[in-house]
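The values are calculated or read from the model by the stated rules, or taken from the named source; none is laboratory data. Predicted model only: the values in this text are computed from it and were never measured. Don't worry about glycine lacking a Cβ; one is built from the backbone with ideal geometry, like all the others, and counts go over all protein chains shown.
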């Protein structure tokens, strides 16, 4: 059996619809049907929501309505003798509809009991090809019959379960994986490297899907015993693989910068040929390198952000950035506009405009903020997961994925605060604070971390991804507001991770709390770089705010876990390299000290957030009397400024260097 992979985000003229329907099918509706059906599976309805039938009392004097049978007895006449009633059962209408299970021990126990391989289908409900596969392939009667006859199918919403996504993803959506009954992957050597690798596929049509299902089923029947042995050995080796540890120093950063400079597309902009996508933190990273004399990446980074603003990823009509371009020359643009992508870019734009006074950049800040506060806005505060363009643009022109996650909302709230200050828009700032306060109230319990899903159907799960994004969002928001609640949340989330996600003898954090009920390779630890780097950068800021010298040491340990070869991460190595640069160069700390309620403190804070020194931490202090002032500390030096227009000169005297850019 070959290892099949295809770009699931490829060009498609058929865009998805019914995002809410697919979400519901993957969520609470499935759970209800699972509880009702003897077979334990759910029967998705592509055209309408299936009502749950409840027994009701008959009204006096009225004829009783005909009895309604549950779906799993459809076509069975219970008035006939049993032998006759079940002749020809189950009917085609039942067997030709897909039956799936949620990920969990019961599903895999059933697969082991009946000795069936497992078909894992991971869908992104905001992705066109995921919706198309669900509608045109998964619901196809012939595919459903083949799956029901030979497999146990597990259907997964990738945004609800990042722990499963990170282990079984294939780089494309939808992602199909053929698993053994214990959840370990079926392996094959039919791949370019000729080594055992999981059997996977992306989007495929109906004939191809039927072929893959039949071939894999035959493969399992003939090679089941050897497949189990191979999978066990592969899983053991896979568990031992990890990041390359090193020292978070200039050499580690140079490796990442070397990749970026070598792969910069001087013709079309961006990095590499394809795919092309925004790189969070690129401007911040390049500016920190420039501060220590390595200036060659900064013009590339600024040119890249301007290319994004002027290119096809930016929606000039509706605001906001699309997810990525799959073809060379920024072609085959994927239409999804996701909250997290736009939150990262909003932060990036806010830093870029501090270095380059550009009306294009300011317009992009306003447009992106407008997309978040308009299209993605949740009426009670916060933001939905994203927007995907439908096959036909009606009056609304789009469909929303209404899943609400804590992490992206915290990042978006912090980014909006910076964006509002950058362009002088109090409305943008308010939307940022509303999002953060919503997360604070709905997601966080002191000592218990941040809940991943806020709505619909929260499940109480907590992941490293959520803790890291939320903690960084709140510590960043503390700088822009001085609200002590935000700093307390960041510290509390960090300590939650240290207690629950950090194992003895390790420096980096696991992606989820180890659980004896974990199935398949879910029990193999994952310590993802991006999330660990966000926590490390949070630690550095807690240290800069004076909450403990050990935070800087802990940050260096975390970042060192990934510093062995950041160039191997390609463009994604930028995240780790930015954390390294923040580790090796202490920030400029601007402490705003003022009596409680002094309005002059806000003006000093805003000016500090516009300074062209991007690695600046804004702290907050309080004094009993006197005028508001900014106390600047860096490299053992200290300067003071009482007026906003004096602050830049004070920082320049303290830092002993000229700023990287100029503002009007």
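The single residue among 288, 302, 345, 308 that is under 21 Å from residue 655 (Cβ atoms), in a helix (DSSP H, G or I) and in contact with a strand residue (DSSP E or B) (Cβ under 9 Å, 6 or more places away or on another chain) turns out to be 302.
Regarding the range 176-188, can at least one residue be identified that is closer than 22 Å to residue 103 by Cβ, out of contact with any helix residue (DSSP H, G or I) (no Cβ under 7 Å at 6 or more places or on another chain) and buried (at least 22 other Cβ atoms within 10 Å of the Cβ)? Yes, because at least one residue in the range 176-188 is closer than 22 Å to residue 103 by Cβ, out of contact with any helix residue (DSSP H, G or I) (no Cβ under 7 Å at 6 or more places or on another chain) and buried (at least 22 other Cβ atoms within 10 Å of the Cβ).
Residue 523 versus (1) within 22 Å of the chain's Cα centre (by Cα); (2) buried (at least 17 other Cβ atoms within 10 Å of the Cβ): which is the lone unmet condition? Every listed condition holds for residue 523 apart from (2). Among the residues of the range 94-105, which ones are out of contact with any helix residue (DSSP H, G or I) (no Cβ under 9 Å at 6 or more places or on another chain) and surrounded by 12 or more Cβ atoms within 10 Å (Cβ to Cβ)? Across the range 94-105, the qualifying residue is only 105. Would you pick out the residues in the range 189-214 that are surrounded by fewer than 22 Cβ atoms within 10 Å (Cβ to Cβ), in contact (Cβ under 8 Å) with a residue 40 or more places away in the chain and part of a loop (DSSP other than H, G, I, E, B)? Answer for the range 189-214, where residues must be surrounded by fewer than 22 Cβ atoms within 10 Å (Cβ to Cβ), in contact (Cβ under 8 Å) with a residue 40 or more places away in the chain and part of a loop (DSSP other than H, G, I, E, B): 191, 202, 204, 205. From the list 531, 553, 495, the lone residue that is in a helix (DSSP H, G or I) and surrounded by 24 or more Cβ atoms within 10 Å (Cβ to Cβ) is 531. Being at pLDDT below 95 and touching a helix residue (DSSP H, G or I) at 6+ places or on another chain (Cβ under 7 Å) holds for only one residue in 257, 243, 197, and it is 243. The residue that is surrounded by the most Cβ atoms within 10 Å (Cβ to Cβ), counting only those in the range 590-639 that are without any contact (Cβ under 8 Å) to a residue 40 or more places away in the chain, under 35 Å from the mean Cα position of the chain (by Cα) and within 21 Å of residue 426 (Cα to Cα), is 608.
So for the range 321-342 (the condition being without any contact (Cβ under 8 Å) to a residue 40 or more places away in the chain, surrounded by 21 or more Cβ atoms within 10 Å (Cβ to Cβ) and touching a strand residue (DSSP E or B) at 6+ places or on another chain (Cβ under 8 Å)), does at least one residue qualify? The answer is yes; a qualifying residue exists.
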